[in-house]
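Any read-out appearing in this document is the output of simple, stated calculations on the displayed coordinates, not a laboratory observation. Worth saying up front: this structure is predicted, and the values here are computed from it rather than measured. Virtual Cβ from ideal backbone geometry, glycine too; neighbours counted across all protein chains shown.
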Amino acid sequence: MVTPTRFPLLARNALACALLPVLLALPAPVWLPGASVAHAQPAGLPDLGESSADELSPRLERRLGEAIMAQSLTDPDYIDDPDISQYLNTMASNLSAHAPSDTQQIHVFPVRDASVNAFAMPGGFIGINAGLVVAAQSESELAGVMAHEIGHVVQRHVARGLVQQKQTSIIMVAALLAALVAARGNSQAPEAAMAFGQAAAIDAQLGFSREAEREADRTGFQMLSASGYDVNGMATFFGRLMALSSVNERTSTSFTRTHPLSIERMSDMQNRARSLSTGAAPPPSPPDFYFVRAKLRVLQAASGQDTIDAIRFLESRAMEATTGIEKAAAYYGVGVGYLRRRDYAKAQEAYDKATSGARDHVMLAGLAIDIATAQGNADKALTLSRAARERWPQQISLAFDYADALQRTGRHSDAVVFLNEQISRYPDQPRFRQMLATSYGGLQQPVAERRAMAEFYSRTGAMSAAVELLTQARGMSKDFYEQSQIDAQLRELQRRVKEENDMLKRFKS
Ligand SMILES: [Zn+2]
C-alpha cells in the first residue's frame, strides 16, 4: 500500500480539509456493518447490502471501492496507460482464475509511485506501484506479489479488517463521502484528485495480521503455481525486499512495512516452492514484462530530472543487455522518456535502435504511433495504427490510437462506427465514450454528443455533470423516442444522485 506519510489522509486539498473534522467527530457509522447495524439503519438511506455482524457485505464493499476508483481516475498518481493496465489485468485474471474459491472480480491499476508497494482496496481493486514492477527481476516475481495481494482479496481480509476496527470504519466513511462529494461535480475538477491518499490510509489502518499474511501467502502460492508461473517467484522477490529493508532503513520498502515479512514466512515460502520445484531452470520472462517494466521506470518519474535519470539508466541497461529483448525493451523505455521530454529526434533514434534487426513488439508499434502523433503527423499515425491493429487486434491501446488518428484526420463518421464497436467490446473502458462524444461533436450532432459524454461522466462517478448534459440533450431532442430514452436515463441518474445526497445529509447533520 501507499505510505500515509507520502499521501497524508485527506490532506491534499481544501475540500478534504473542510470535511475531515466533521467526519472524525462523527460517532461510529451505524450503517456500516458492525454491532448495531440491523436496527440502526435510518429510513431513507439506500440499501447498501445485507448487513452482517462480522463482515462487510460484498455489495457495500464493491460500492466503496468503486467510489474511490471513480475518483482515482483523476488522481495524478493514477497511471492511465492502456498497455500497462491490460498487461497487469491479464496477469491478475490468469491468477484469479485459479483462486481456491469464488472471488470478487479483480481490477488492478498502476500507481505513479517509485516506492516498492502494492495494496488491496475494498471491492477487489488492487493498486500496484510502478516502483514494485521496476524492482521485479522476472515476471514470476511480479506475479508472486500480485498473487499475494489477490490472496488478501480472496480471503476477504479488507472487508474483515474494516469491521474489526471501528476507527478504520470511520476512515472508510470519510473516504466514501469525500469521493461522493467530489463525484457530485465535474470529475475533472482538481479537488477530485485525492482518492489514493484515502485508499492508502485505509490500508495502513488495517495493517493485516500475521495470520492474514500467511493466508495470503498460502492462497497466493496456490494461484501462482496453478497458473504456470515459476513457483520460486514469490520467495525470491520477498527475499530481496526483506534484504533491502534490513540493509538500509531509508530504503525500507513500504511493502515490507505493511505486509510484515518474517524469517518464518520466508521459510514457509521457500519450502512450498521447493516441494513443487522440478529443478529445471525457470522459463524466461516474456517480452511484455520487459517492455512494461521499462515504460514504468519512465512513468514513475515525479520530475523532469527523474525522467532524465530514468533515460540514463535505461541507456546503460541497453548497452549491458545480454538478450535482444532486454536491449529492445531498454531502448523502448529510452524512447518513451525522450517522447515525454518532447525530444522527438532522440525518441525516434531510440525507436530505431529498439527495432534494429527487424525486432517488433506491440508496444514499439505504439511508440511509433505516439511519436508521429506528437509531431503532428496524423496521416502517418493513421497508417501505422491501422497496420498495427491488424497485427495485434487484441491490444486496447491500439484501438485508442486508431480512433484518435481517425479523429485527428477528420474522419468522424468512421470514428463513430469504430468507437461504437469498441464500446460494445469493452464496456468498462469509459474513454471510448468520451472519444465518441468528440466525434459526434465533430459531426455537429449535439444531442448524441451530450448523451455520449453523459455516459462517460456517469461511468466515472460525475453524476451531476451527467444529469446536466442529459437535461441539455433532452431539451434539444426533437425525436419522441429519443426523448423517452433520455427520460429513463435521467430518472436512473437522479435516483443515484438522491441516494448519495441522502447519505451525505445523514453524516453532515
Ligand atoms: Zn500482505
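Tabulated values for the structure
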quantity: Long-range HN-HN contacts of ILE126 with modeled amide H, under 5 Å; calculated: HIS107, VAL108, PHE109, MET121
quantity: Burial order of peptide ranges 392-403, 451-462, 220-231 (average beta-carbon count within 10 Å, highest first); calculated: 451-462, 220-231, 392-403
quantity: Spherically averaged projected area in nm², based on the convex hull that wraps the Cα atoms of the range 412-509; calculated: 6.7
quantity: Additional length obtainable on full extension of the chain from ARG210 to ALA387, 0.36 nm per residue less Cα span; calculated: 58.6 nm
quantity: Listed peptides 480-491, 111-122 by packing density, highest first (mean Cβ within 10 Å); calculated: 111-122, 480-491
quantity: Derived scalar couplings ³J(HN,Hα) [the range 283-295; Karplus, 6.51 cos²θ - 1.76 cosθ + 1.60; whole Hz; x for Gly, Pro]; calculated: x, x, 5, x, x, 3, 4, 5, 5, 5, 5, 5, 5
